[in-house]
Amino acid sequence: MTAPAPPGSMLTRRPRIFLVEDHAVFRAGVKAELGDAVEVVGEADEAEAAIELINERLPDVVLLDVHLPGGGGHAVLRGVLPHHPEVQFLALSVSDAPEDVIAVIRAGARGYVTKTISADELASAVERVASGDAVFSPRLAGFVLDAFRAGERVGGDADLDELTPREREVLQLIARGYMYKEIAARLGISVKTVEAHVSAVLRKLQLSSRHELSRWAAQRQLVDLAGD
């Protein structure tokens with residue numbers, strides 16, 4: 001199995017994607033539109049089957065419809081991310097309701113685009129999400145920003161409690177400017193393990209880059225907690 005790319009890096013191959021959508025005609029259309037830009041490794045039309053197959057095939061990106069039989073997109077996110085945080089989710093939905101956007105991002109999706117997106121834009125969004133970026137349709141990004149401004153829990157102090165002790169150590173060292181190799185040496189773990197911890201922290205805090213991670217830690221005075 002090919003290892004996931006570290007956050008912020010670009011894949012050197014076609015992204016492996018999994019389609020979760022309850023309309024077969026739409027799934028066929030997505031596959032036809034994306035063509036050779038991706039490798040489709042599976043598809044499902046309801047939550048339970050999606051969870052089982054995604055955990056088995058470990059795609060780079062899951063294209064996820066928000067409203068599904070068997071619990072919806074949230075059930076799929078809950079069934080996969082705790083076990084495989086390296087799998088990235090991009091919501092692809094007909095809904096542009098703010099509550100749907102905020103809810104799926106809170107649940108761990110890396111982005112949200114509507115089904116009016118063009119084929120080229122969708123291919124670009126898949127590649128960016130596979131590389132660790134957060135992607136939103138322009139109008140939908142405004143919903144997330146508005147939620148931040150209103151103080152809603154899109155990412156905040158309470159999220160720190162969700163990090164494991166090791167993830168907190170990695171977060172603190174990233175915030176102090178250490179590179180992955182330096183963190184691995186200080187903590188006695190491999191670089192790939194560091195990358196996996198960073199990916200998990202970014203997902204849990206719903207951030208998209210090391211810069212945002214460092215700023216998040218500095219705002220909460222976590223940097224000084226990592227002594228030499």
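The values are calculated or read from the model by the stated rules, or taken from the named source; none is laboratory data. Remember, predicted model here, so these are calculated numbers, not experimental data. Cβ sites come from the backbone with ideal geometry, for glycine too, and all protein chains shown count toward neighbours. When the accessible area is computed, the model is the full protein with side chains, heavy atoms only, and any ligands, DNA or RNA have been set aside. Shrake-Rupley method; radii C 1.70, N 1.55, O 1.52, S 1.80 Å.
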If we keep only residues of segment 12-30 that are open to solvent by 80 Å² or more (accessible area, probe 1.4 Å) and either over 18 Å from the mean Cα position of the chain (by Cα) or of a type outside the set (Lys, Arg) (or both), then the residue modelled with the lowest pLDDT is Thr12
Residues in segment 183-208 that are of a type in the set (Val, Ile, Thr), within 14 Å of Gln172 (Cα to Cα) and out of contact with any Leu (no Cβ under 6 Å at 6 or more places or on another chain) total 2
Residue hits (segment 32-48; open to solvent by 50 Å² or more (accessible area, probe 1.4 Å) and in a strand (DSSP E or B)) are Glu39, Val40, Glu43
So, first residue more than 13 Å from Ser199 (Cβ to Cβ) in segment 78-89, second residue among the acidic types (Asp, Glu) and surrounded by fewer than 20 Cβ atoms within 10 Å (Cβ to Cβ), Cβ within less than 9 Å, six or more apart or across chains; the pairs are Gly79/Glu48; Gly79/Glu52
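For every residue, the table says whether it meets (1) open to solvent by 50 Å² or more (accessible area, probe 1.4 Å); (2) more than 24 Å from Ser131 (Cα to Cα); (3) in a helix (DSSP H, G or I); (4) not aliphatic (A, V, I, L, M).
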residue	(1), (2), (3), (4)
Ala50	no, no, yes, no
Pro69	yes, yes, no, yes
Leu77	no, no, yes, no
His84	no, no, no, yes
Asp96	yes, yes, no, yes
